[in-house]
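Input: a single structure, listed below in structure tokens.
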Amino acid sequence: MDYIVLDLEWNQADDLKTKRESRLTFEIIEIGAVKLNSDMAQTGSFHELIKPQVFNRMNQVTQELIHISMDELENCRFFREAAEDFLRWCGDDYIFCTWGNLDLFELQANMDFYGMPCLSQNSLKYYDVQKLFSICFEDKKKRSALQYAVELLGIEDGEPFHRADTDAFYAAEVLKKIKKSAFSNYSFDTYRLPASKAEEINIVFDDYAKYISREFSSKVSAMNDRDVVSTKCFICGSRTRKRVPWFSKNGKNYYAIMICPRHGYIKGKIRMKKSVNDRIYVVKNMKQVGMDTVDDIIRKKNHIRDDRKERRHREQ
């Protein structure tokens, strides 16, 4: 299997009117990629600038960041032709690797916009090199800039950042330094979501579990689903006792604390997200925690309860 280390640059509307009227939020104007084999040796590269068809002016922020002018793109190929060549170049057996979690989402959004076949019918498995870097060299939670990672690892950086070809090269060089043990921590892009309950994603990693749901019509219907609110121990599958039942301040993030007889305290976090179809889906993480985290969740719940009491009192 090959590793396709992908980086994209895109443009967006330069004014609010165009932004509101466009069905495409970000238009890809540059594709850069590096191909690594199973031994992490580079076997090829891909780079192409793309002529825009949606936004005919360069967004000022984009211009300052990537230093590409519209004149440079005038004689380039359109997205569909370039993207088809890129996907053929990827081959038949590969996995995408990106710095962060945006590129694959925008690639699929652009492919949909131009009527191309989808990359996957379900959530797309890939490697987030930024996350792997944090697992190996930071605290697993921090998300650092690519330039910081390159400097920390002593990678030669003779070319400027924020261009698709050079950023793909730098991300590939970082990937080469990731410990093999970290490669069990893959990610899922959720541009496409499970179409049914049977296709929902339940994955157990080294120290946490992730669940990605199908789409729901509302947050209420999601929270009424048995699998969404399930609090079974992700390690042994045992039923747990709820120390702190599911609660939320704003209906976006929900938290709970459970106790497994064998594995102690487990924290659950549900994130409500909006799909490209303007429906609701759920990403739930379950993780073993210590008493510090338990106490923090209890304080958070009590603070929300006290705020609501005070608000009701003021309204009376």
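The values are calculated or read from the model by the stated rules, or taken from the named source; none is laboratory data. Keep in mind that what you see is a predicted model, and the values were worked out from it rather than measured. Every residue, glycine as well, gets a Cβ built from its backbone with ideal geometry; the counts of neighbours run over all protein chains shown. When the accessible area is computed, the model is the full protein with side chains, heavy atoms only, and any ligands, DNA or RNA have been set aside. Shrake-Rupley method; radii C 1.70, N 1.55, O 1.52, S 1.80 Å.
Condition first: of a type outside the set (S, T, N, Q), farther than 21 Å from SER69 by Cα and part of a strand (DSSP E or B). Now tell me which residues in the range 34-51 satisfy that.
VAL34, LYS35, LEU36, GLY44
Please identify the pairs in which a residue from the range 51-76 that is among the hydrophobic types (A, V, I, L, M, F, W, C) has its Cβ atom under 6 Å from the Cβ atom of a residue that is in a helix (DSSP H, G or I), counting only partners at least 6 apart or on another chain.
MET58/MET70
What is the number of the single condition among (1) open to solvent by less than 40 Å² (accessible area, probe 1.4 Å); (2) in contact (Cβ under 8 Å) with a residue 40 or more places away in the chain that LYS287 does not meet?
For LYS287, the exception is condition (1).
Select from the range 264-289 the residues that are in a loop (DSSP other than H, G, I, E, B) and in contact with a Ser or Thr (Cβ under 8 Å, 6 or more places away or on another chain) and write down the one among them that is nearest to ALA209 (Cα to Cα).
Of everything passing the filter in the range 264-289, SER275 is nearest to ALA209 (Cα to Cα).
Can you tell me which residue in the range 212-233 is nearest to ALA195 (Cα to Cα), limited to those that are part of a helix (DSSP H, G or I) and touching a residue at least 60 places away in the same chain (Cβ under 8 Å)?
Going through the qualifying residues, I end up with ALA222.
Which of the residues spanning the range 195-207 are touching a residue at least 24 places away in the same chain (Cβ under 8 Å), of a type outside the set (Lys, Arg) and surrounded by fewer than 19 Cβ atoms within 10 Å (Cβ to Cβ)?
Selection gives ALA195, GLU199, ILE201, VAL204, ASP207.
Might you let me know whether the range 190-210 holds any residue that is of a type in the set (Lys, Arg) and under 30 Å from GLU64 (Cα atoms)?
No: zero hits.
Checking LEU193 against (1) under 14 Å from VAL283 (Cα atoms); (2) assigned to a helix (DSSP H, G or I): exactly one of these is not met. Which one?
Of everything listed in (1) under 14 Å from VAL283 (Cα atoms); (2) assigned to a helix (DSSP H, G or I), LEU193 misses just condition (2).
Quick test of your reading of the structure: GLU156 fulfils all but one of (1) in contact with a Phe, Trp or Tyr (Cβ under 8 Å, 6 or more places away or on another chain); (2) part of a loop (DSSP other than H, G, I, E, B). Name the failing condition by number.
Exception for GLU156: condition (1).
Filter the range 234-280 down to the residues that are free of Cβ contacts under 8 Å to residues at least 40 places away in the same chain, of a type outside the set (S, T, N, Q) and under 18 Å from SER218 (Cβ atoms), then identify the one that is least open to solvent (accessible area, probe 1.4 Å).
Only one residue tops the list, namely GLY251.
Which is within 16 Å of LEU107 (Cβ to Cβ) and of a type in the set (Asp, Glu), of GLU64, GLU30, GLU74?
Going through GLU64, GLU30, GLU74 in turn, the sole match is GLU30.
Taking ASP227, is it surrounded by fewer than 17 Cβ atoms within 10 Å (Cβ to Cβ) and at pLDDT below 95?
no
Select the helices (runs of 4 or more DSSP H) contained entirely in the range 73-150, then report the ones holding at least 2 residues which are open to solvent by 80 Å² or more (accessible area, probe 1.4 Å).
79-90
Mind checking which residues of the range 262-299 are touching a strand residue (DSSP E or B) at 6+ places or on another chain (Cβ under 7 Å) and charged (D, E, K, R)?
Matches in the range 262-299: LYS267, LYS269, ARG271, LYS273, LYS274, ARG279, LYS284, LYS287.
Only one of these conditions is not met by GLN42: (1) in contact with a Gly (Cβ under 8 Å, 6 or more places away or on another chain); (2) open to solvent by 20 Å² or more (accessible area, probe 1.4 Å); (3) not aromatic (Phe, Trp, Tyr). Which number is it?
That leaves (1) as the condition not met.
Does the range 65-104 hold any residues that are over 16 Å from GLU27 (Cα atoms) and of a type in the set (A, V, I, L, M, F, W, C), and which are they?
The answer is PHE86, LEU87, TRP89, CYS90, ILE95, PHE96, CYS97, TRP99.
Can you pull out every residue in the range 174-190 that is crowded, with 20+ Cβ neighbours inside 10 Å and assigned to a helix (DSSP H, G or I)?
Across the range 174-190, the qualifying residues are VAL174, LEU175.
State which residue is nearest to the chain's Cα centre (by Cα) when the search covers only the range 164-187 and only residues that are small (Gly, Ala, Ser) and under 26 Å from TRP10 (Cβ atoms).
Ranking the qualifying residues of the range 164-187, first place goes to SER187.
Tell me whether the range 12-35 contains one or more residues that are out of contact with any Pro (no Cβ under 9 Å at 6 or more places or on another chain), under 30 Å from LYS179 (Cα atoms), crowded, with 20+ Cβ neighbours inside 10 Å and of a type in the set (Lys, Arg).
Looking through the range 12-35, at least one residue is out of contact with any Pro (no Cβ under 9 Å at 6 or more places or on another chain), under 30 Å from LYS179 (Cα atoms), crowded, with 20+ Cβ neighbours inside 10 Å and of a type in the set (Lys, Arg).
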